[in-house]
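Readers should treat all values here as calculations from the given coordinates under stated rules, not as data from a laboratory. Note that the coordinates shown come from a computational prediction; the quantities given were computed from them, not determined experimentally. Cβ placement follows ideal geometry from the backbone for every residue including glycine, while neighbour counts extend to all protein chains displayed.
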Amino acid sequence: MLVGHQTWVFPTRPVILSSAAIGGPFEAEGPLSSDFDTLHGDTFLGQGSWEKAEKALMEEACDKAIEKAGLTKEQVHFFLGGDLMNQIISSSFAARTLTIPYLGLFGACSTTMEGLALAALIVDSQSGDYVLTGSCSHNSSAEKQYRYPTEYGGQKPPTAQWSVTGAGAALVGSKGNGLHVTSATIGRVVDMGLKDPFNMGAAMAPAALNTIETHFRERQLPHDYYDLVVTGDLGRVGHGILSELLPKHQINLPLDRYRDCGMLIYGDNPSVWSGGSGAGCVASVTYGHLFRSMEKGAWKRILVVATGALHSPMTYQQGESIPCIAHAVSIESA
């Protein structure tokens, strides 16, 4: 059901039947390591390239989510997936293995919530009983495509972020036990003219603000409705900017209830500069740590606002600014 101009409210409250989070060796050193289903000690995952390793992360997350739901691949109606690679090859090649009817998505790091929103819409509209959604990233494949190969050892400024080697997947169904997807606000593209690809947090913070503001207005909710509002992946720089922007726009969100996935996944590790990023960051933190914490009773209602920078190496090299977007999905316990 459309509420306002950008928000879907799901009367049937689609159920998240299961979720899975897979990470690499660096993620295993972070404070959320216990909330991953599997952590690999080899960034190649036994594959012949970084890109094949990223595909393997996605396949493993999807297989684990299906297994935990007690289903088979044949019972899943659709798979919605995306990543950061050109032509979303990690997701498309994983879909080749899964053999589930596939819709490829690209929203950069916002893909996780784009997929979850669409999965809930499909289930809520009775267009499918079981929908699988996921996203992934790999530090070395992202570095090679967007910046410099890891072997180059290029220096980065403090505003830069570390792409997560990880994947997350969730299986949404029309009935069963689990957390519920209650609404989604689809973001607009916001471009404030920033051109620095090493400062994604500053570029994406205004998009997060726009979506959060729209969500509360269109759903007519008090600003303290959610136990937790979490963005991803603004990092420390973007988190600080958004924390200043919210009260200036009369959004009285309690700042002690606001977190960022890019800050959560690696904690205070200084080697990640401003924090984590990548399509696998929001996916692994949400489908691992956040959902497990909700299942343990830490929070009853959360709003996940996944942000994405919709640029490419080509647009950056041609001097274009960085358009950004944010999609918000509300998840509530029964």
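A few points about this structure:
- Taking θ as phi - 60° and the Karplus parameters 6.51, -1.76 and 1.60, the scalar couplings of the range 100-117 work out to 9, x, 10, 10, x, 10, 9, x, 6, 6, 7, 4, 4, 7, 4, x, 5, 4 Hz in sequence order, x denoting glycine and proline.
- Pairs of lysines in the chain whose Cα atoms sit within less than 26 Å of one another amount to 22, provided the residues are eight or more positions apart or on different chains.
- Within the shell defined by Cβ-Cβ distances under 14 Å, the residues around Asp196 carry a net charge of +1, with Lys and Arg each +1 and Asp and Glu each -1.
- Among the listed values [x] -0.50, -0.98, -1.18; [y] -0.46, -0.84, -1.01; [z] -0.31, -0.73, -1.03, the one computed from these coordinates for log10 I(q)/I(0) by the Debye sum over Cα atoms at q = 0.08, 0.12, 0.14 Å⁻¹ is [z].
- Inter-label distance, Glu29 to Lys156: 1.4 nm, where each label sits 7 Å from its Cα along the C-beta direction.
- Sequence-separation-based contact order of the range 163-245, relative, with Cα cut under 8 Å and 6+ spacing, percent: 33 percent
- The range 100-176 - percent relative contact order, Cα under 8 Å, separation 6 or more: 36 percent
- Distance from the C-alpha centroid of the range 261-334 to that of the range 111-169: 9 Å, rounded to the whole angstrom.
- Relative contact order of the chain, taken over Cα pairs closer than 8 Å and 6 or more residues apart, is 26 percent.
- Rounded D (µm²/s) - the range 197-323, Kirkwood Rh over Cα pairs, Stokes-Einstein at 4 °C, 1.567 mPa s: 85 µm²/s
- 3J(HN,Hα) from dihedral phi, the range 174-183, Karplus parametrisation 6.51/-1.76/1.60, rounded to Hz, x for glycine, proline: 7, 7, x, 9, x, 6, 10, 8, 9, 6
- Karplus 3J(HN,Hα) series, Hz, for the range 157-164 with 6.51 cos²θ - 1.76 cosθ + 1.60 (x for Gly, Pro): x, x, 7, 5, 10, 9, 5, 6
- Kirkwood Rh, angstrom, the range 151-264 [1 / mean 1/r, Cα pairs]: 16.1 Å
- Evaluated over the range 114-204, the Cα radius of gyration and Dmax, each in Å: 18.0, 50
- Label zone at Asp191, where the point sits 7 Å out along the Cα-to-Cβ direction: the range 201-223 residues whose backbone N lies under 15 Å: 203-204, 207
- The chain, helix-only ellipticity at 222 nm - DSSP H runs n ≥ 4, -39,500 (n - 2.57), divided by all residues, nearest 500: -9500 deg cm²/dmol
- Contour excess over end-to-end distance, with Cα ends at Thr38 and Ser293 and 0.36 nm allotted per residue: 90.1 nm
- Nitroxide proxy distance, nm - points 7 Å out along Cα→Cβ at Ser49 and Gln87: 1.1 nm
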